[in-house]
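Chemist: Once you've had a glance at the structure underneath, I'll fire off some questions.
The values are calculated or read from the model by the stated rules, or taken from the named source; none is laboratory data. Everything quoted here is computed from the prediction, not taken from an experiment. FYI the Cβ positions are ideal-geometry reconstructions off the backbone, even for glycines, and counts take in every protein chain you see.
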Amino acid sequence: MTTKPLTIKVIQDEHLALGEMLRSVPLLLADWRHRQTLPTASDFATLRAMLFYIDEFPAKLHHPKETELLFPKLRARAPEIRGVLDRLDEEHLRGERAIRDLEHALLAFEMMGEPRRAPFEQMTERYIRAYLNHMQIEEREILPLALKMLSAEDWADLDEAFAANRDPLTGHEPEEQYRALFQKVQFSLPQSVQATQKGGRTEEPGGRLAI
């Protein structure tokens, strides 16, 4: 295809916003540790909002469409990639449990204080490292292969489904019920993400294929 399918753009935009948010969490944790302070009540509320966002949007909207729509089409066209797709599907399933475990660890940190700081930091580091690697595999291996192997009819079906994604972190107006959540999350995001939401993305982030 000469024009990038909408599906690819949606996935890349959602990866970009999520990746930048994930990378901001260790920076916040490192800053509090460096200053030898615990997060304030407002800080904990921001962290809860970030984790709730991951559970509410990527885990329930982004991942299912990859697993149920994109991956089956690619399995049918490229059997050699089935092992990778199976692993990504397993990671989607494990991620649902992992984010809730992380939310529980954050609650323990908030309630118990310093004794639970290191366990939360370590769990967060593992979770983010695994998630970023997962998205990198999708962008380096899955999306380029999909562009080569899927038909125009395949992309038409996928684009119709992915067009319904309305993740506010990629620039969509949030539904009223999510407005306060995304205001809290957005406030903590790096400037690069905020520029993306306003249509200011001018370059590909490190590690991303420009496809």
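Chemist: For a quick check of your reading of the model, give me the residue pairs whose first member lies in the stretch 8-37 and is free of Cβ contacts under 8 Å to residues at least 12 places away in the same chain, whose second is surrounded by fewer than 20 Cβ atoms within 10 Å (Cβ to Cβ) and among the basic types (Lys, Arg), with beta-carbon atoms closer than 9 Å and at least 6 apart or on different chains.
Modeler: Filtered contacts from the stretch 8-37: Trp32/Arg117.
Chemist: Considering every residue within the stretch 122-129, establish whether at least one is surrounded by 15 or more Cβ atoms within 10 Å (Cβ to Cβ), touching a residue at least 12 places away in the same chain (Cβ under 8 Å) and under 15 Å from Pro39 (Cβ atoms).
Modeler: In the first step, residues of the stretch 122-129 are kept if they are surrounded by 15 or more Cβ atoms within 10 Å (Cβ to Cβ); the result is 123-124, 127-128.
In the following step, the residues that additionally are touching a residue at least 12 places away in the same chain (Cβ under 8 Å) were identified as 123-124, 127-128.
Filter again for under 15 Å from Pro39 (Cβ atoms), leaving 124.
Checked the stretch 122-129: at least one residue is surrounded by 15 or more Cβ atoms within 10 Å (Cβ to Cβ), touching a residue at least 12 places away in the same chain (Cβ under 8 Å) and under 15 Å from Pro39 (Cβ atoms).
Chemist: Here is a further query. Quick check, is Ala49 in contact with a Lys or Arg (Cβ under 6 Å, 6 or more places away or on another chain) and either among the charged types (D, E, K, R) or under 23 Å from Met111 (Cβ atoms) (or both)?
Modeler: On the way: in contact with a Lys or Arg (Cβ under 6 Å, 6 or more places away or on another chain): yes; either among the charged types (D, E, K, R) or under 23 Å from Met111 (Cβ atoms) (or both): yes.
Yes: the conditions hold for Ala49.
Chemist: Still on this model: Filter the stretch 24-44 down to the residues that are assigned to a helix (DSSP H, G or I) and either among the β-branched types (Val, Ile, Thr) or under 20 Å from Ala156 (Cβ atoms) (or both) and list them by number.
Modeler: To start, the set of residues in the stretch 24-44 that are assigned to a helix (DSSP H, G or I) comprises 24-34, 41-44.
Answer for the stretch 24-44, where residues must be assigned to a helix (DSSP H, G or I) and either among the β-branched types (Val, Ile, Thr) or under 20 Å from Ala156 (Cβ atoms) (or both): just Val25.
Chemist: Further question: Could you list all residues from the stretch 56-76 that are surrounded by fewer than 15 Cβ atoms within 10 Å (Cβ to Cβ) and either aliphatic (A, V, I, L, M) or touching a Pro at 6+ places or on another chain (Cβ under 9 Å) (or both)?
Modeler: Across the stretch 56-76, the qualifying residue is only Ala76.
Chemist: Considering each of Phe57, Phe71 in turn, give the residue that is modelled with pLDDT under 90 and under 28 Å from Asp154 (Cβ atoms).
Modeler: On the way: Phe71 fails: modelled with pLDDT under 90.
Testing whether each residue is modelled with pLDDT under 90 and under 28 Å from Asp154 (Cβ atoms) leaves just Phe57.
Chemist: Could you tell me which numbered condition Thr46 fails, if it satisfies all but one of (1) modelled with pLDDT of 90 or more; (2) more than 28 Å from Ala146 (Cα to Cα)?
Modeler: (1)
Chemist: Further question: Residues Lys184, Lys148: which one is in a helix (DSSP H, G or I), under 16 Å from Phe57 (Cα atoms), modelled with pLDDT of 70 or more and not acidic (Asp, Glu)?
Modeler: On the way: Lys148 fails: under 16 Å from Phe57 (Cα atoms).
That would be Lys184, the only listed residue that is in a helix (DSSP H, G or I), under 16 Å from Phe57 (Cα atoms), modelled with pLDDT of 70 or more and not acidic (Asp, Glu).
Chemist: Which of the residues spanning the stretch 111-138 are farther than 11 Å from Leu22 by Cβ and either touching a Ser or Thr at 6+ places or on another chain (Cβ under 7 Å) or among the polar types (S, T, N, Q) (or both)?
Modeler: The answer is Gln122, Asn133, Gln136.
Chemist: With the checklist (1) more than 21 Å from Leu158 (Cβ to Cβ); (2) under 17 Å from the mean Cα position of the chain (by Cα); (3) surrounded by fewer than 19 Cβ atoms within 10 Å (Cβ to Cβ); (4) of a type in the set (A, V, I, L, M) in hand, flag the one item Leu47 doesn't pass.
Modeler: It fails just one condition, (3).
Chemist: Look through Arg126, Arg179, Arg208, Arg201 and report the one residue that is among the charged types (D, E, K, R) and modelled with pLDDT of 95 or more. Outline the logic, then answer.
Modeler: Details: Arg179 fails: modelled with pLDDT of 95 or more; Arg208 fails: modelled with pLDDT of 95 or more; Arg201 fails: modelled with pLDDT of 95 or more.
After ruling out the rest, the residue left standing is Arg126.
Chemist: With the checklist (1) among the hydrophobic types (A, V, I, L, M, F, W, C); (2) farther than 30 Å from Arg35 by Cα; (3) surrounded by 15 or more Cβ atoms within 10 Å (Cβ to Cβ); (4) within 15 Å of the chain's Cα centre (by Cα) in hand, flag the one item Ile99 doesn't pass.
Modeler: Checking Ile99 against (1) among the hydrophobic types (A, V, I, L, M, F, W, C); (2) farther than 30 Å from Arg35 by Cα; (3) surrounded by 15 or more Cβ atoms within 10 Å (Cβ to Cβ); (4) within 15 Å of the chain's Cα centre (by Cα), the one that fails is (2).
Chemist: Those residues that are among the acidic types (Asp, Glu) and surrounded by fewer than 18 Cβ atoms within 10 Å (Cβ to Cβ), I need them from the stretch 1-44; list them, please. Let's see the steps before the verdict.
Modeler: Filtering the stretch 1-44 down to residues among the acidic types (Asp, Glu) leaves 13-14, 20, 31, 43.
Answer for the stretch 1-44, where residues must be among the acidic types (Asp, Glu) and surrounded by fewer than 18 Cβ atoms within 10 Å (Cβ to Cβ): Asp31, Asp43.
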